[in-house]
Amino acid sequence: MTAEQERQTPKQIGNYRVLSSIGRGAVGEVFEVEATSGQGVVALKLLHAPLADDDVAVARFRREYDTTHELEHRYIVRMHAFGETDEGLPYFTM
């Protein structure tokens, strides 16, 4: 995947329709998405494609989800689901 292809906002990620890009960082990009099941609008963080082949990066990404998923506080975002795209890119929703 070229850098240009990676920068294009996808229309669909897993079972989520992408509404817009919220932000981009060193590890991934966050999108505003709507669940196709009608569960509403959430944020979805998608790991950058070049990092998907890096076992350490994928483990850290998964640990970010697992650690935050266990926390419950009104000032900490609530994690909903962890998944993987058809292309093998991990993502989680919050």
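The values are calculated or read from the model by the stated rules, or taken from the named source; none is laboratory data. All figures in this text were calculated on a predicted structure; none of them were measured in a lab. With ideal geometry, Cβ positions are generated from the backbone for all residues, glycine too; neighbour counts draw on all protein chains shown. Keep in mind that these areas ignore ligands, DNA and RNA; they rest on the heavy atoms of the full protein, side chains included. Shrake-Rupley method; radii C 1.70, N 1.55, O 1.52, S 1.80 Å.
A quick yes/no check of all residues on (1) touching a Leu at 6+ places or on another chain (Cβ under 9 Å); (2) not basic (Lys, Arg):
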{"residue": "Ser21", "(1), (2)": "no, yes"}
{"residue": "Thr36", "(1), (2)": "no, yes"}
{"residue": "Arg74", "(1), (2)": "no, no"}
{"residue": "Arg78", "(1), (2)": "yes, no"}
{"residue": "Phe82", "(1), (2)": "no, yes"}
{"residue": "Phe92", "(1), (2)": "yes, yes"}
Q.
Just to be sure before I move on: is Ile76 in contact with a strand residue (DSSP E or B) (Cβ under 9 Å, 6 or more places away or on another chain) and at pLDDT below 95 in the structure I sent?
A. no
Q) Quick one: how many residues across the stretch 43-83 are under 15 Å from Val33 (Cα atoms) and not aliphatic (A, V, I, L, M)? A) 4
Q. What number of residues within the stretch 72-94 satisfy the criterion of being in a loop (DSSP other than H, G, I, E, B), open to solvent by 50 Å² or more (accessible area, probe 1.4 Å) and not hydroxyl-bearing (Ser, Thr, Tyr)?
A. 9
Q. In the stretch 64-80, which residues are more than 14 Å from the chain's Cα centre (by Cα) and of a type in the set (Lys, Arg)?
A. Arg74
Q.
Among the numbered criteria (1) more than 14 Å from Thr93 (Cα to Cα); (2) touching a Gly at 6+ places or on another chain (Cβ under 9 Å); (3) not β-branched (Val, Ile, Thr), which one does Leu44 miss?
A. (1)
